[in-house]
Amino acid sequence: MTEKNWALLNGLALAYVGDAIYEVYIRDYLVGLGYTKPSQLHKTATHFVSAKAQSFLMHEMIAIEGFLTEEEFVMYKRGRNSKSYTSAKNADVTTYRVATGFESLMGYLHLAKKTERMEELIHWCTQKVEDTKDDKR
């Protein structure tokens, strides 16, 4: 089988995969922390996977000079700039688009088999969310 150039895939397709893969990593993370009740898992997961959370995380990544590679930033923008015909239930259009860009980046890293980098970013995201939750306590 020939190697695909995943960078050519449209942003919404990348986001479709990224949404699923990020959700799985977050579920694994939460179960690893000891969360077991479905309602507790769902409520806690929203701190990580909601459009608002993903938009926050993306803005934080962008704010750190050199944190994302040029290629990663391009994949984020591909998702952010994609014309979507749906919107989030609990987010404004801008937040939803930035979150779509976040998911697009995750989808690209997964499909391109850049697992180590994807896991590095996801670990950074979980720590950022945990730090933010600690600040609010």
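Observations on the structure shown:
- The helices (runs of 4 or more DSSP H) located wholly in segment 17-114 that include 2 or more residues which are of a type in the set (S, T, N, Q) and free of Cβ contacts under 8 Å to residues at least 12 places away in the same chain occupy 38-49.
- Test: residue in segment 122-130 that is surrounded by 18 or more Cβ atoms within 10 Å (Cβ to Cβ) and free of Cβ contacts under 8 Å to residues at least 40 places away in the same chain: no
- Reported count of residues in segment 1-12, each being closer than 21 Å to THR69 by Cβ, of a type outside the set (Phe, Trp, Tyr) and part of a helix (DSSP H, G or I), is 3.
Laboratory data are not the source of any read-out in this text; all were calculated from the coordinates shown. From a predicted model like this one, the values you see are computed outputs, not experimental measurements. We place every Cβ from the backbone using ideal geometry, glycine too, and count neighbours over all the protein chains shown.
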